[in-house]
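For reference, the structure discussed in these notes is given below.
Values in this text are rule-based calculations from the coordinates and carry no lab data. Not measured: the values here are computed from a predicted model. Every residue, glycine among them, receives a Cβ derived from its backbone with ideal geometry; neighbour counts consider all protein chains shown.
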Amino acid sequence: MPGSETVLGELVCPMLCHLLEEVIVAKIAGNVYREGNATQKHLHTWMEILQTMHKSDQPSPHERRVQPTVAQSKRILEWMTNLSHELASSHPSSAMNNEDATVNPLAPIHAAILPQAPPTMPSVISQKFPSTQEVSHCNQIVDVNLTSETKAKLTVGSKMMFTYEVTWKPSTTLFSKRYDKYLDPNFFQHRIHWFSIFNSFMMVIFLVGLVSMILMRTLRKDYARYSKEDDLDDMERDLGDEYGWKQVHGDVFRSASYPLLFSSLVGSGYQLAVVGFLVIIMSIIGDLYTERGSILTTSIFVYAATAPVNGYFGGSLYSRQSGKGWIKQMLFSTALFPSMICGTAFLINFVAIYYRASRAIPFTSMLSVAAICLFVILPLNLVGTVLGRNMAGTPDYPCRINTVPRPIPEKKWFMEPAIIVCLGGILPFGSIFIEMYFIFTSFWAYKIYFVFGFMFLVFFILIIVTMCVTIVCTYFLLNAEDYRWQWTSFLSAASTAVYVYFYSFYYFFFKTKMYGFFQTTFYFGYMALFSMALGILCGTLGYVGASAFVKKIYSTVKID
């Protein structure tokens with residue numbers, strides 16, 4: 001009928017404002033919102049519509065009326081209809097089968113915009129929704145607060161009558177600060193958070209001091225002993241009790257087993273470290289948390305742009321380890337981490353399609369990601385690989401590598417590489433597990449993470465702790481005359497991710513209320529992806545620290 005779009009807009013606008021407010025703080029739609037729906041997908045689209053609808057040339061914000069265009073009204077009608085149907089299908093006990101059911105927050109809009117069948121009962125239910133909307137000095141909405149006076153029971157065939165009133169109030173809140181009400185500084189800036197940072201920082205100081213003291217005193221004794229042995233003749237040296245890390249100088253720089261896989265992991269770890277650092281810095285400077293999906297979009301862009309880092313460090317390491325198939329290594333390094341993401345996303349997407357959830361990734365998005373990998377990441381990785389082979393691909397080891405590998409002697413059980421790997425991730429995990437709680441809560445409990453300064457400090461602490469622990473582990477391994485330090489250093493640091501994944505089990509069962517196959521698959525699938533990325537990152541940090549340590553100690557020892 002004529003003017004229906006205008007009437008629709010006048011009724012829908014305060015309801016839609018309330019819906020947007022409730023969605024942001026995650027108090028509406030129950031499991032449907034957790035599992036993904038149109039609300040989450042179109043949240044910012046409708047916020048832009050609201051801002052457009054409320055822009056006016058009238059001098060006083062108290063006199064303005066909501067007048068959406070016909071196109072906006074039709075879009076609102078279509079979206080609210082789909083969302084109302086989704087909400088209705090998410091609750092098995094429908095209001096039509098339950099006389100005591102209360103009105104859903106979307107029921108006013110749904111009842112007003114959907115055609116109703118002639119009532120079979122003459123009852124009329126009245127429902128009033130007073131709404132208070134605050135407007136900044138720039139004539140822009142900065143806050144919406146909607147409350148209902150009473151809740152009415154739904155009965156079969158009843159006719160619903162909804163009324164509303166809007167009160168416009170001036171506000172001193174700046175439009176750029178309208179998002180602050182949805183932040184939770186009392187949670188993220190709690191003294192426990194500060195205490196955890198201080199505790200981790202003190203652990204770093206203690207660990208660095210302990211490592212420095214132990215290694216300096218131990219290495220000083222080793223250097224003195226080796227210098228004394230150099231003054232002996234060959235007969236006395238043969239009769240002496242030689243032991244320690246110097247004995248494996250001819251094998252310590254031997255290539256790691258599976259050099260193609262190892263170099264690809266290290267190259268990917270370098271790239272992830274750069275991506276993590278840049279995204280954190282951008283989040284601190286640009287407040288990326290204020291726009292939905294901005295952090296993910298920025299991460300994808302930065303990952304694609306830093307592909308030469310992967311090629312440079314991975315290709316140079318593969319060349320130093322006498323690798324011949326550099327093209328194969330380049331392709332494998334390019335596809336390693338994206339294939340992990342695609343494999344996990346494909347599994348979750350398959351489950352989402354089965355449950356008809358809007359979390360399903362569109363086919364066009366998959367094609368876009370594939371195009372980025374083929375036409376952006378692959379060429380940039382090729383450039384980095386060529387540069388790495390030509391600029392840093394020549395071995396510069398301080399010791400010659402023996403032709404015949406030295407047999408590895410028996411050692412105590414706690415010196416075995418498997419034990420070192422299991423124990424190596426405990427301290428790095430201890431330095432970040434408090435921050436993991438806040439990150440998990442912001443992601444799975446729909447709180448907005450905005451304290452990226454804390455994250456930067458934790459990232460720095462993780463780097464220092466991981467390198468220190470790996471250096472100690474490498475020293476004990478070499479002192480047991482076991483020269484297989486490359487994979488041991490990488491895996492001992494990467495085991496931090498295993499402890500993080502175990503912690504995610506605790507968080508799932510004791511800190512969330514998730515249930516069902518889809519939610520379980522969604523949670524543990526993405527936590528596995530996060531843990532794999534963290535493992536590659538920490539493993540690379542551990543290898544870099546151990547490699548610098550090994551080169552340093554063997555470059556200062558006299559080798560015949």
Simple label model, 7 Å out from Cα along Cβ direction - Leu331 to Trp413, nm:
4.6
Given 10 Å bins starting at zero, what is the percent of C-alpha pairs of segment 413-560 in each, up to the one with the largest pair distance?
11, 36, 28, 16, 6, 2, 0
Globularity index of segment 280-379, i.e. its alpha-carbon radius of gyration over 2.2 N^0.38 Å:
1.32
Note, segment 196-208: 3J(HN,Hα) by Karplus (6.51, -1.76, 1.60, θ = phi - 60°), whole Hz, Gly/Pro = x, goes 5, 5, 5, 5, 5, 5, 5, 5, 5, 4, 5, 5, 5
Read phi for every residue in segment 298-312 and hand back ³J(HN,Hα) as whole Hz from Karplus 6.51 cos²θ - 1.76 cosθ + 1.60, θ = phi - 60°, with x for Gly and Pro.
5, 4, 5, 4, 5, 4, 5, 6, 9, 4, x, 4, 4, x, 5
Computed over the Cα atoms of segment 371-422, what is the ratio Rg over Rh, Rh following Kirkwood?
1.27
Can you classify segment 315-462 as rounded, prolate or oblate using the Cα gyration tensor, where a ≥ b ≥ c are the square roots of its eigenvalues, rounded means a/c under 1.5, and otherwise it's prolate if a/b beats b/c and oblate if not?
oblate
Could you work out how far apart the two model spin labels at Phe277 and Ile361 are, taking each label as a point 7 Å from the Cα in the direction of the beta carbon, and quote it in nm?
2.8
Hey, what do the phi angles of segment 248-253 turn into as Karplus ³J(HN,Hα) couplings, whole Hz, using 6.51/-1.76/1.60 and θ = phi - 60°, x for Gly and Pro?
9, 5, x, 10, 5, 9
Order these peptides, 432-439, 361-368, by their mean beta-carbon neighbour count within 10 angstrom, highest first.
432-439, 361-368
Which of Tyr554, Tyr475 has the fewest other C-beta atoms within 10 Å, and how do the rest follow up to the most?
Tyr554, Tyr475
Distance in nm between Ser212 and Lys151 label points, each 7 Å along Cα→Cβ, equals 6.2
Principal axes of segment 497-541: Cα extent on each, largest first, Å:
37, 18, 10
Give the order of Thr521, Thr297, Thr556 when sorted by the count of other beta carbons within 10 angstrom, beginning with the fewest.
Thr556, Thr297, Thr521
